[in-house]
Amino acid sequence: MTPGTAANGPARRRLWALVLGVLLLAGGATAYTVRAVADRPGATAAAADEGFTLDGPPGAFWFRDTASGRVARQDPSAPGGRVALGPRCDRFHAAGDTALCLQRRPGVPARSYVLVLDRRLRELRRMSLPGIPNRARVSASGRVLAWTTFATGDSYATSAFSTRTSILDLRTGYLIKNIEQIPLTLNGRRHHAPDVNYWGVSFARDDNRFYATVATQGRTYLVEGDLRAWSARALKENVECPSLSPDGTRIAYKKKVSQDPRAPWRLHVLDLATLRDHPVAETRSVDDQAAWTGPGTLSYAHEGALWSVPADGTGAPRRVAVGATSPAVPR
């Protein structure tokens with residue numbers, strides 16, 4: 001041992017402890033700063049540019065532009081036909097005077113923002129919730145909203161997923177954080193099971209009745225729900241992501257037609273009076289909640305583009321926008 005080593009050892013240890021403490025504090029401060037920035041409204045979203053609203057000429061429709069992540073408008077009268085100046089969203093829908101924007105937040109575990117926007121796409125309300133954005137719907141009046149997130153998993157093509165579906169009534173401000181506790185009637189009997197999952201809500205024009213998918217015990221069903229009575233009943237098996245027609249008589253939905261996880265579904269349309277269905281002309285497997293963009297027209301996302309097809313089974317699919325998802329036509 002050299003002279004002074006014993007005396008200098010404690011000093012060196014104190015110095016290293018001080019350096020380590022500074023580094024840990026710096027790291028903690030950095031982590032706090034990142035978290036704080038991520039939680040600030042402006043950190044994850046760009047607001048709509050001034051003048052970009054839900055108003056547009058006949059034939060215009062709105063969607064999410066996948067290149068920028070912003071809400072865009074396809075306007076036949078505009079130069080280039082496309083303007084992407086809306087807020088950033090991962091899922092989007094609009095009806096009446098209201099738009100709904102779901103944004104995934106950075107970090108683990110997965111969390112999202114729910115943004116309620118007015119007709120000028122200005123933010124009215126913001127909520128934080130767990131999960132990955134998946135489905136968004138606004139009732140025709142714009143007064144009732146629903147959204148679905150993946151609590152675990154990120155695909156309906158496997159059984160390893162769990163969803164959380166919420167409903168917000170803008171008239172009262174009442175929020176149902178998860179509709180899984182709604183009393184469910186299945187095959188004429190009350191059904192209780194720990195594996196119940198709901199997703200893909202679609203509202204009737206009375207802002208009370210709604211349709212959705214429920215999954216339980218390895219099967220999916222179309223359910224009709226009643227918000228005032230707080231009840232739901234299964235109508236038909238093998239129905240996913242229902243979308244109610246503007247006249248309230250038909251449901252467009254995904255029907256499982258194959259066990260192939262790469263192509264399990266085909267779009268069908270169901271007559272609610274008879275519960276009979278037919279496939280549309282789109283033969284590819286579509287994993288989307290189709291939107292009625294006209295009295296007899298469905299629009300949906302597939303392989304990075306928006307497509308349109310007649311709801312009566314005639315015609316052929318037509319590509320209407322590239323690099324796009326979440327179609328909406330605010331009426």
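Of all residue pairs spaced 6 or more apart or on separate chains, those with beta-carbon atoms under 9 Å, a first member in the stretch 246-262 that is without any contact (Cβ under 8 Å) to a residue 40 or more places away in the chain and a second member that is loosely packed, with under 10 Cβ neighbours inside 10 Å and assigned to a loop (DSSP other than H, G, I, E, B) are Thr249/Ala273.
If I filter the stretch 277-284 for residues that are closer than 20 Å to Arg135 by Cα and modelled with pLDDT of 95 or more, do I get at least one hit? Taking every residue of the stretch 277-284 in turn, none turns out to be closer than 20 Å to Arg135 by Cα and modelled with pLDDT of 95 or more. Might you check whether a residue that is farther than 21 Å from Pro133 by Cβ, over 20 Å from the mean Cα position of the chain (by Cα), open to solvent by 60 Å² or more (accessible area, probe 1.4 Å) and of a type outside the set (Asp, Glu) occurs anywhere in the stretch 303-311? Taking every residue of the stretch 303-311 in turn, none turns out to be farther than 21 Å from Pro133 by Cβ, over 20 Å from the mean Cα position of the chain (by Cα), open to solvent by 60 Å² or more (accessible area, probe 1.4 Å) and of a type outside the set (Asp, Glu). Taken over the stretch 192-201, the criterion of being under 23 Å from Thr149 (Cβ atoms) and either touching a helix residue (DSSP H, G or I) at 6+ places or on another chain (Cβ under 7 Å) or open to solvent by 10 Å² or more (accessible area, probe 1.4 Å) (or both) is satisfied by Ala193, Pro194, Asp195, Val196, Asn197, Tyr198.
The residue of the stretch 130-148 that is least open to solvent (accessible area, probe 1.4 Å), among those that are over 12 Å from Asp90 (Cα atoms) and among the basic types (Lys, Arg), is Arg137. Residue check, Gly86 against (1) buried (at least 24 other Cβ atoms within 10 Å of the Cβ); (2) touching a residue at least 60 places away in the same chain (Cβ under 8 Å); (3) farther than 26 Å from Tyr211 by Cβ, all met but one. Which one? So the condition that Gly86 fails would be (2). Number of residues in the stretch 70-84 that are under 20 Å from the mean Cα position of the chain (by Cα) and either of a type in the set (A, V, I, L, M, F, W, C) or modelled with pLDDT under 85 (or both): the value is 3. Cβ-Cβ below 8 Å, separation at least six or inter-chain, first residue in the stretch 103-119 and closer than 17 Å to Arg88 by Cβ and open to solvent by 50 Å² or more (accessible area, probe 1.4 Å), second part of a loop (DSSP other than H, G, I, E, B) and modelled with pLDDT of 95 or more: which pairs? Pairs that qualify, where the first residue is closer than 17 Å to Arg88 by Cβ and open to solvent by 50 Å² or more (accessible area, probe 1.4 Å) and the partner is part of a loop (DSSP other than H, G, I, E, B) and modelled with pLDDT of 95 or more, are Arg104/Asp90. Residues considered: Asp277, Asp271. Of these, the only one that is surrounded by 14 or more Cβ atoms within 10 Å (Cβ to Cβ), under 19 Å from Pro246 (Cβ atoms) and charged (D, E, K, R) is Asp277. Scanning the stretch 50-69 for residues that are at pLDDT 95 or above and either part of a helix (DSSP H, G or I) or over 30 Å from Arg205 (Cβ atoms) (or both) yields Thr66, Ala67, Ser68, Gly69.
The residues on offer are Asn208, Asn238, and the sole one that is in contact with a Lys or Arg (Cβ under 9 Å, 6 or more places away or on another chain), at positive phi, surrounded by fewer than 18 Cβ atoms within 10 Å (Cβ to Cβ) and at pLDDT 95 or above is Asn238. The set of residues in the stretch 295-317 being of a type outside the set (A, V, I, L, M, F, W, C), within 20 Å of Asp90 (Cβ to Cβ) and assigned to a strand (DSSP E or B) consists of Ser299, Tyr300, His302.
Scanning the stretch 198-216 for residues that are in a strand (DSSP E or B) and over 20 Å from Ala291 (Cβ atoms) gives Val214, Ala215, Thr216. Condition (residue is out of contact with any helix residue (DSSP H, G or I) (no Cβ under 7 Å at 6 or more places or on another chain), in a loop (DSSP other than H, G, I, E, B) and open to solvent by less than 30 Å² (accessible area, probe 1.4 Å)) applied to the stretch 157-171: is it met by at least one residue? No: the stretch 157-171 contains no residue that is out of contact with any helix residue (DSSP H, G or I) (no Cβ under 7 Å at 6 or more places or on another chain), in a loop (DSSP other than H, G, I, E, B) and open to solvent by less than 30 Å² (accessible area, probe 1.4 Å).
The values are calculated or read from the model by the stated rules, or taken from the named source; none is laboratory data. Worth saying up front: this structure is predicted, and the values here are computed from it rather than measured. Glycine gets a Cβ as well: all are built from the backbone with ideal geometry, and neighbour counts include every protein chain shown. The accessibility values were calculated without ligands, DNA or RNA, using every heavy atom of the protein model including side chains. Shrake-Rupley method; radii C 1.70, N 1.55, O 1.52, S 1.80 Å.
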